[in-house]
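Reading through the structure tokens given below for one structure.
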There are 2 protein chains.
Amino acid sequence: MPTTQPGSTIPDPPAPSRRELNKAATRQAITDASLRLLRSKGPGNFTVEDIADAAAISRRTFFNYFGSTEAALASITHGFLDNALAQFRLRPADEPILESARAALVQLADPMTVAPMAELYSLSQSNPQLNRSELEAWDHCTGQIIEAARERFAGTHGAELDELYLRALAGSVISCGKAAMDVWFARCGADLSAKSLAILRQLLIDAMGLLGSGFMPTANLSSDRH
Amino acid sequence: MPTTQPGSTIPDPPAPSRRELNKAATRQAITDASLRLLRSKGPGNFTVEDIADAAAISRRTFFNYFGSTEAALASITHGFLDNALAQFRLRPADEPILESARAALVQLADPMTVAPMAELYSLSQSNPQLNRSELEAWDHCTGQIIEAARERFAGTHGAELDELYLRALAGSVISCGKAAMDVWFARCGADLSAKSLAILRQLLIDAMGLLGSGFMPTANLSSDRH
DNA sequence: GCAGAAACTTGCACAGAGTGTAAATATGCA
DNA sequence: TGCATATTTACACTCTGTGCAAGTTTCTGC
């Protein structure tokens with residue numbers, strides 16, 4: 001029962017006002033409508049007006065929330081990656097970054113979290129327009145990881161972390177996470193069974209392992225693990 | 001004097017026909033005009049029609065060559081990365097992939113090659129539209145590296161390379177290359193002096209070194225090398 | 001060299017994307 | 001309740017991107 005007593009000493013989630021609730025609902029209605037249309041008509045076969053009608057809003061309002069149909073769908077990916085980032089930030093500050101990344105990514109291999117992402121993957125396969133927005137989402141996440149790692153380092157040490165180290169590492173972590181997702185999807189499609197998710201988890205662990213070991217050439221023997 | 005004797009036994013560059021020359025010239029005229037307009041008006045402040053006028057072609061013809069203004073500009077990045085890929089393919093097949101990547105990237109730190117890229121970087125800083133196309137170009141290159149590495153491995157060994165290894169490595173190499181370029185640009189701007197290019201070269205080498213050593217946490221001491 | 005084929009360019013028309021503006025409506029706050 | 005502020009909406013407008021058909025250039029075989 002989340003009471004919001006005015007005298008509460010803990011800031012709580014600061015009282016979601018009516019306006020914020022409405023906006024969140026509209027936003028959700030738009031992404032839901034977009035996903036429905038993507039399912040029923042396929043990528044590129046529906047317009048912003050279609051989405052607006054399906055979400056019971058005006059075309060103009062759609063553009064108050066998203067800049068394009070792709071952006072509306074990419075919000076799913078953004079949600080997924082924001083989740084990953086939140087997990088990353090929860091890790092202890094003295095942990096090696098790669099280990100934090102591994103732990104954060106493994107958290108994502110859970111049905112509720114991965115389901116929308118998997119569906120989006122399967123529906124947007126081989127569609128250039130959507131792929132660009134996906135790339136943008138992953139890139140945005142890279143930027144956020146850079147920020148998070150920088151803050152973490154500045155917190156524990158006094159100095160600043162080398163910029164190349166930071167950017168190269170963050171980019172590689174994201175690339176490896178993406179590679180694991182790609183391989184998983186190619187191998188399992190949108191299958192969300194426990195077995196399939198275990199494979200995803202292992203792929204994410206393996207990918208971080210490869211990164212941590214500097215991609216030793218012998219590592220390609222790992223293919224017979226599956 | 002590039003004679004094209006019919007009896008020549010070597011296939012040569014197979015006789016660039018008039019049509020191909022015209023197309024190449026038009027393509028070049030479009031990218032040149034785009035870059036000129038980017039310089040003079042800034043990103044987002046000119047239309048396809050402006051480019052078409054400047055290149056002395058019709059609007060419709062522009063779209064026969066490129067799908068958008070961004071795509072026209074991204075052809076610069078594509079050229080740069082195609083160059084990198086060609087260097088990669090020239091490396092001996094038994095060399096470790098990371099070493100090949102390092103060598104290929106270092107080849108790019110040369111004024112003629114890097115100049116257009118550097119200018120594009122400086123002009124499209126903080127412009128979302130252009131950045132998306134840039135990301136797409138890097139991603140496209142990742143795909144090509146995956147292909148190249150797969151072929152190379154299949155050539156020397158009989159078996160297939162583990163898909164995760166391949167994708168994670170290719171993605172990380174590209175990420176690190178990009179990170180090095182980003183840091184270089186942040187540090188040196190569009191400066192193309194020998195000293196600046198030496199820094200770029202060293203950044204690329206360092207980035208590949210980080211990748212090869214698995215991002216050992218002590219590596220961040222490298223910042224005092226510069 | 002010349003006719004016909006094939007490739008390329010161009011103008012036109014049209015659907016859709018994206019944005020500024022101002023009026024209408026909903027929400028927050030005293 | 002009543003005013004201030006935030007949000008939605010309709011409308012108009014520019015620009016994008018594409019199909020189509022008519023014009024122009026290049027290529028091919030004769």
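In the assembly of identical copies, A:ASP94 has its label point, taken 7 Å from Cα in the direction of the beta carbon, separated from the corresponding points by 4.8 nm (ascending, one decimal).
Partner shielding of A:177-183 amounts to 5, given as the average count of beta-carbon atoms from other chains within 10 Å of each residue beta-carbon.
Is the C-alpha gyration tensor of chain B telling us rounded, prolate or oblate? Criteria: a/c under 1.5 is rounded; beyond that, a/b larger than b/c is prolate, otherwise oblate. Taking the square roots of the gyration eigenvalues as a ≥ b ≥ c, chain B is oblate. The overall shape of the stretch B:19-67 is prolate: from the C-alpha gyration tensor, with semi-axes ordered a ≥ b ≥ c, the ratio a/c is 1.5 or greater and a/b exceeds b/c. Across the copies of the chain, A:ARG39 has label points (7 Å from Cα along Cα→Cβ) spaced 5.3 nm apart, shortest distance listed first.
Kyte-Doolittle mean at least 0.5 and Cα extent at least 30 Å along the axis: which DSSP H helices of chain A qualify? Passing helices, by number: A:163-188. With all protein chains present, how much of the accessible area of the protein assembly as shown (probe radius 1.4 Å) comes from carbon and sulfur, to the nearest whole percent? Carbon with sulfur: 55 percent of the solvent-accessible area. Using a 7 Å projection from Cα along Cα-to-Cβ, the label point at A:ASN131 is separated from the same position in the remaining copies by 2.2 nm, smallest value first.
Given a 1.4 Å probe and the protein chains as shown, B:HIS78 ends up with an accessible area of around 60 Å².
Given their separation in residues at 0.36 nm each and the Cα-Cα distance between them, A:SER68 and A:ASP53 gain 3.9 nm when the chain is fully extended. When chain B is treated as a GNM with alpha-carbon contacts under 10 Å, the residue of B:LEU161, B:LEU200, B:LEU130 showing the greatest mean-square fluctuation is B:LEU161. Determine the distance separating the Cα centre of the stretch A:187-217 from the Cα centre of the stretch A:136-153; give it in Å without decimals. What the calculation gives is 22 Å, centre to centre. Taking square-rooted eigenvalues a ≥ b ≥ c of the alpha carbon gyration tensor, is the stretch A:44-88 rounded, prolate or oblate, where a/c under 1.5 means rounded and, failing that, a/b exceeding b/c means prolate? Prolate shape, in that a/c is at least 1.5 and a/b is the bigger ratio. Using the 1.4 Å probe convention, the accessible area of chain A works out to 51 Å² per residue with neighbouring protein chains retained. Within a straight-line Cα-Cα reach of under 28 Å, A:LYS23 can be paired with the following lysines, leaving aside sequence neighbours fewer than 8 residues apart in one chain: A:LYS41.
Buried between A and B is an accessible area of approximately 3100 Å², summed over both sides with a 1.4 Å probe. Shielding value for A:205-213 is 4, the average number of Cβ atoms from other chains within 10 Å of each residue's Cβ.
Taking every DSSP helix (H) stretch of at least 4 residues in chain B, weighting each as -39,500 (n - 2.57) and dividing the sum by the residue count yields a mean residue ellipticity at 222 nm of -24000 deg cm²/dmol. Cross-link partners of A:LYS195 among lysines, defined as those whose alpha carbon lies under 30 angstrom from its own and excluding same-chain residues fewer than eight positions apart: A:LYS178.
The values are calculated or read from the model by the stated rules, or taken from the named source; none is laboratory data. In this text the structure is predicted, and so the values were computed from the model without any measurement. Glycine also receives a Cβ, built like all others from the backbone with ideal geometry; neighbour counts cover every protein chain displayed. Protein only, heavy atoms only, side chains kept; ligands, DNA and RNA dropped before computing areas. Shrake-Rupley method; radii C 1.70, N 1.55, O 1.52, S 1.80 Å.
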